């Protein structure tokens, strides 16, 4: 009974878990933690369609299938009729041990999905991933996207623009003492772990799996006494030559203060 | 389709046996109760951004969930199209219209993605539907491999990202077409193509041919079966993709990028590991454009949509492990050859 119940309805159960999770994320405006908001509408529409079909299937689909009948070995007459049609009837007689493993793993998958999507709170990627994916690598990769300063309005630049500018320019004079304010989480600068940290954000193209860290180095000796890695901070100040690293610029902060993680922690 | 004798027997059995009757309103009520229960769990669990989990575990969950959430709409879309194909496409519609010659047939089939633009996770359910509608195993593989690359969305995003630079767009299209047809040809020569399919899927095909239920009920049953096959695979594939992201350091891959031979294999390995959708993988690899050679990028863009951890889990619902090993080997060798050739020419 349990075996056929699980093997029959695991897909519908997973559908309902995901549908509830996605619609709740959308309703609480947290879908952006996982995917680029550009795809949110499509995701919500398809999810509603999936959920509707799952409910319709519960009402309309036969409770059991010939297939499971075989598995339980209930009915000889069926066996006959079907081995006639089905070349693989032999392969479908599943031993009790294998059936138990199958049922158990299906339960584990459904339970795991429910825990991951319904019980654990939604979360932002941590600084661990930012360190692994390396702010400097992103800066090199995205170099061609750096905004041009000529005729641009610096107040429209986001943290990813400033990160590329800081990485590519050596001469602070070009910025004419523009005051900037940046919010992000703290991740360490590998070459200068004690005197500098990055104000970091993840840049998402499609979904969190392609997240790339962008960061502006902040020169603040002894920062570890005030902040720890992964804390959210707001820094204001001007870009200037990095005192420790001769290439590139760093934010010489007027003020750096703790802040709460914003509702929209990623840039897109 | 079905001989009348079977139909009558089935009807008789359906009234006689309770497990074959649908649940009707009771089923709907159960469904709504489950939805309410899930919603209650989700709303009532404290939304505390606490540090209960280690960072690595937390990121594993976040990354895996993001793959699920990103793929899910495409999987649903694929399932809906697959059901539509099976319910409303006359059985011989495709087989009648396609050219009789095997090579031409597969060439046409590899262009079906232009009409049915689903990215690769949605393609597996769709390919299953086409397989049940009379495509051979080799032809369905050609569709499965070609459609994610030869589809308008992928082509447009690739053009946006690379333009005509280094012939990347052209080689992606040509490579995808040639490899998909090569694989289709190889598997079309198999003496017993049904043995390439998993027994469970063979059984589903056979059942399909002997089905006389009404259209909504058949559709409902297909939805139950397709989600039971696809979603566990999607969750497992996503968990593997998330785990590898956390476990394998990115440094290693990137240091390989400058070597004309190793860069090709490094990016193919990366494509296998990151398991991105073909519609957007190009934006991801654009990031490597400055560090990796063009051949490596072509190999990434051709190999990734065809084979990756998530796709293997999804395809395992339909093809046997042995078949998938052979398929992976052929696609990997061909993509590597293409990538190396582009690097040599560059």
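The values are calculated or read from the model by the stated rules, or taken from the named source; none is laboratory data. Everything quoted here is computed from the prediction, not taken from an experiment. No Cβ is skipped: glycine too gets one built from the backbone with ideal geometry, and neighbour counts run over all protein chains shown.
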Between B:33, B:65, B:56, which is at the interface with chain A (Cβ under 8 Å from one of its Cβ atoms) and modelled with pLDDT of 90 or more? B:65
Given (1) surrounded by 14 or more Cβ atoms within 10 Å (Cβ to Cβ); (2) closer than 30 Å to residue B:242 by Cβ, identify the lone condition not met by residue A:172. (2)
Per the filter on the stretch B:98-114, residues over 24 Å from residue B:218 (Cβ atoms) and assigned to a helix (DSSP H, G or I) are B:102, B:103, B:104, B:105, B:106, B:107, B:108, B:109, B:113, B:114
Hey, can you tell me all the residues within the stretch B:164-184 that are in a helix (DSSP H, G or I) and surrounded by fewer than 15 Cβ atoms within 10 Å (Cβ to Cβ)? B:165, B:170
Could you list, in sequence order, all residues of the stretch A:150-167 that are assigned to a helix (DSSP H, G or I), farther than 16 Å from residue A:235 by Cα and modelled with pLDDT under 80? A:154, A:156
Restricted to the stretch A:129-147 and to residues being free of Cβ contacts under 8 Å to residues at least 40 places away in the same chain and closer than 22 Å to residue A:236 by Cα, the residue nearest to the other protein chains (Cβ to nearest Cβ) is A:146
Meets criteria (within 14 Å of chain A (Cβ to nearest Cβ), modelled with pLDDT under 80 and closer than 23 Å to residue B:236 by Cα) for residue B:285: no
Can you find even one residue in the stretch B:222-241 that is buried (at least 18 other Cβ atoms within 10 Å of the Cβ), part of a loop (DSSP other than H, G, I, E, B), within 14 Å of chain A (Cβ to nearest Cβ) and out of contact with any strand residue (DSSP E or B) (no Cβ under 6 Å at 6 or more places or on another chain)? no
If you check residue B:272 against the conditions, is it modelled with pLDDT of 85 or more, closer than 26 Å to residue B:128 by Cβ, within 19 Å of the chain's Cα centre (by Cα) and crowded, with 24+ Cβ neighbours inside 10 Å? no
Filtered residues of the stretch A:234-258 (kept if in contact with a strand residue (DSSP E or B) (Cβ under 9 Å, 6 or more places away or on another chain) and surrounded by fewer than 14 Cβ atoms within 10 Å (Cβ to Cβ)): A:243, A:254, A:255, A:257, A:258
Could you check residue A:158 against (1) within 17 Å of the chain's Cα centre (by Cα); (2) more than 14 Å from chain B (Cβ to nearest Cβ) and say which number it fails? (1)
Check on residue A:192, on the phi > 0 side of the Ramachandran plot and either in contact with a helix residue (DSSP H, G or I) (Cβ under 9 Å, 6 or more places away or on another chain) or away from chain B (no Cβ under 14 Å) (or both): no
Tell me which of these residue B:149 doesn't satisfy, since it passes every other one: (1) assigned to a helix (DSSP H, G or I); (2) crowded, with 21+ Cβ neighbours inside 10 Å. (1)
Restricting to the stretch A:207-233, what's the tally of residues that are surrounded by fewer than 22 Cβ atoms within 10 Å (Cβ to Cβ), part of a loop (DSSP other than H, G, I, E, B) and within 14 Å of another protein chain (Cβ to nearest Cβ)? 4
Are any residues in the stretch B:85-97 out of contact with any helix residue (DSSP H, G or I) (no Cβ under 8 Å at 6 or more places or on another chain) and in a helix (DSSP H, G or I), and if so, which ones? B:88, B:93, B:95, B:96, B:97
Got a sec? Which of A:138, A:200 is surrounded by 15 or more Cβ atoms within 10 Å (Cβ to Cβ) and either in the same structural domain as residue A:40 (by TED's automatic domain parsing) or not in a helix (DSSP H, G or I) (or both)? A:200
Being assigned to a loop (DSSP other than H, G, I, E, B) and under 23 Å from residue A:141 (Cα atoms) narrows A:260, A:194, A:170 down to just A:170
Checking the conditions here, which among A:184, A:177 is within 22 Å of the chain's Cα centre (by Cα), more than 14 Å from every other protein chain (Cβ to nearest Cβ) and not in a helix (DSSP H, G or I)? A:184
Here are some conditions: (1) under 29 Å from residue B:46 (Cβ atoms); (2) within 7 Å of chain B (Cβ to nearest Cβ); (3) free of Cβ contacts under 8 Å to residues at least 40 places away in the same chain. Residue A:10 meets all but one. Which one does it not meet? (3)
Could you check, for the stretch A:43-50, whether at least one of its residues is closer than 30 Å to residue A:262 by Cβ, surrounded by fewer than 17 Cβ atoms within 10 Å (Cβ to Cβ) and either at pLDDT 90 or above or within 7 Å of another protein chain (Cβ to nearest Cβ) (or both)? yes
Here the residues within the stretch A:97-127 that are surrounded by 15 or more Cβ atoms within 10 Å (Cβ to Cβ), more than 9 Å from chain B (Cβ to nearest Cβ) and modelled with pLDDT of 90 or more are A:103
